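The values are calculated or read from the model by the stated rules, or taken from the named source; none is laboratory data. No experiment lies behind these values; they were computed from the predicted model shown. Cβ sites come from the backbone with ideal geometry, for glycine too, and all protein chains shown count toward neighbours. Surface areas here come from the heavy atoms of the whole protein model, side chains and all, with no ligands, DNA or RNA. Shrake-Rupley method; radii C 1.70, N 1.55, O 1.52, S 1.80 Å.
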Amino acid sequence: MTTAFDSITVAGTQLANRIAMAPMTRSRVGVDGVPTELTAEYYVQRASAGLIITEGIQPSVVGQGYPFTPGLHTAEQVAGWRRVTDAVHAAGGRIFAQLMHTGRIGHPSLLPDGLIPVGASPVRAAGQVFTGAGMMDFVTPRELTGAEVRETIADFAAAARNAVEAGFDGVELHGANGYLIHQFLSPNTNKRTDEWGGTLENRIRFAVEVVEAVVAEIGAERTALRISPGNTYNDIDEPDPQPAYEALVKQLDPIGLAYLHVLETAAHSRETTLALRRQYSGTVVLNPATEGPTDHRSLALIEEGVADVLSFGALFLANPDLPARLRTEGPYNTPDQPTFFGGDARGYVDYPTL
């Protein structure tokens, strides 16, 4: 029987276990988007994960949606991430960069040179976003032109090339949580009538072509995709998500990606997960929805074959040595929610280990 503590080969590299650190925005880098020594310390502390997936990293200037988030589109950012990856590898860890273009989720005050957030269509998200000046309403994004869609795809490919230069073992494309790739997938945010919208086949085109462009740049074995079918976060509405995601996975399966990362947002989404699991022949990483806490009790999903790898978010944030704690079934540190975003070392690198 396969367990969460057995090794697995991903991206041509043998991972020590099947426990991944899920991507989590922490908003703690400088205004220039360059990781700091504190960033390196944070990830090194968690190097016992079979795989670390970083916080979302913007592939371009306009892809930034939150304050103090890192990028991978300047030489300084690449050098900063190289310090992080070198330190993680020295500690025996493996690390993927998550490339996250937030699309319409953001605010002009976070962007330079008069830029405003862009999206699949000019549909404003309900709600507010945190900025340096506090919470502010989302704005109506500027719809990407056909040429700009192609430029955005090229931005993802360039950022993936930069990630490899920075020493990452691979990249995960963020197609979940209501950000740009998800905005093209969802019918309530994609109102286009050109080749990038309208039909189901056109709505999945952007995700497929971003994947293909990144694969052409760095190879399929170093490319992954995260999806969250039916996720309503950031004002997404996918009333019947399964057909679109089955169509997406059907196109992706022959490519031979490093893995497919599925984020569940409710217990009823397990049906969709299982359908995609049956359809996808490669490695599946699952961030599961559970009725109780997501802890050692979730490890049975590996033994049952629901997923090949499990990713943990807040529990990994609060427990740098999470694989050891899962093996002993606790105890677990409690995540300090007020320190999740922004700030200094407190709530970032000061959680105790066993």
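A cut-off of 5 Å between modelled amide H atoms, ignoring neighbours fewer than 5 places along the same chain, links L15 with I8, T9, V10.
Here the contact order of the chain, divided by its residue count and restricted to Cα pairs under 8 Å and six or more residues apart, works out to 17 percent. Where only DSSP H runs of four or more residues are counted, the chain gives -8500 deg cm²/dmol as its mean residue ellipticity at 222 nm, each run worth -39500 (n - 2.57).
The tail of the calculated P(r) for the range 36-188, taken as Cα-Cα distances beyond 26 Å, holds 28 percent of the pairs. Result for the chain in a Gaussian network model with C-alpha springs under 10 Å: among E212, E303, E55, the largest mean-square fluctuation is at E303.
The residues of the range 122-269 expose on average 38 square angstrom of accessible surface per residue, using a 1.4 Å probe on protein heavy atoms.
Note that the range 1-118 presents 33 Å² accessible area per residue, ligands and nucleic acids not counted, probe 1.4 Å. Using Cα pairs closer than 8 Å and at least 6 residues apart in sequence, work out the relative contact order for the range 246-354, in percent. RCO, the range 246-354: 20 percent. Of V31, V78, V118, the residue with the greatest mean-square motion in the GNM of the chain, using alpha carbon springs below 10 Å, is V31. In the full protein context, the range 278-353 carries 46 Å² of accessible surface per residue, based on a 1.4 Å probe and ignoring ligands, DNA and RNA. If you model the range 200-241 as an ellipsoid using its alpha carbon gyration tensor, with each semi-axis the square root of five times an eigenvalue, the axes come out at 25, 12, 8 Å, biggest first. Based on the reciprocal of the average 1/r between different C-alpha atoms, the Kirkwood radius for the range 103-168 equals 13.3 Å.
Determine the share of the chain's accessible area contributed by carbon and sulfur atoms, expressed in whole percent, with a 1.4 angstrom probe.
Roughly 51 percent, rounded to a whole number.
Multiplying the residue separation of A300 and A266 by 0.36 nm and subtracting their alpha-carbon distance yields 10.5 nm.
Full extension of the chain between E37 and R278 yields a length gain of 82.5 nm, computed as 0.36 nm times the residue separation minus the alpha carbon distance. Sequence-distant contacts, meaning Cα pairs under 8 Å at least 6 residues apart, place the relative contact order of the range 107-154 at 37 percent.
Just checking the listed ones, Y179, Y245, Y233: in the Gaussian network model of the chain with Cα springs under 10 Å, the one fluctuating most is Y233. Please give the direction-averaged projected area of the C-alpha convex hull for the range 235-354, in square nanometres with one decimal. Taking a quarter of the hull surface, the average projection is 9.2 nm². What spacing in nm lies between the two simple spin-label points modelled at A79 and M1, each 7 Å away from Cα in the Cβ direction? Result for the modelled spin labels: 5.2 nm. All distinct Cα pairs of the chain go into the 1/r average, and the inverse of that average, the Kirkwood radius, is 20.1 Å. With the simple spin-label model, which puts each label point 7 Å out from Cα in the Cβ direction, the Q128 to D253 separation comes to 4.6 nm.
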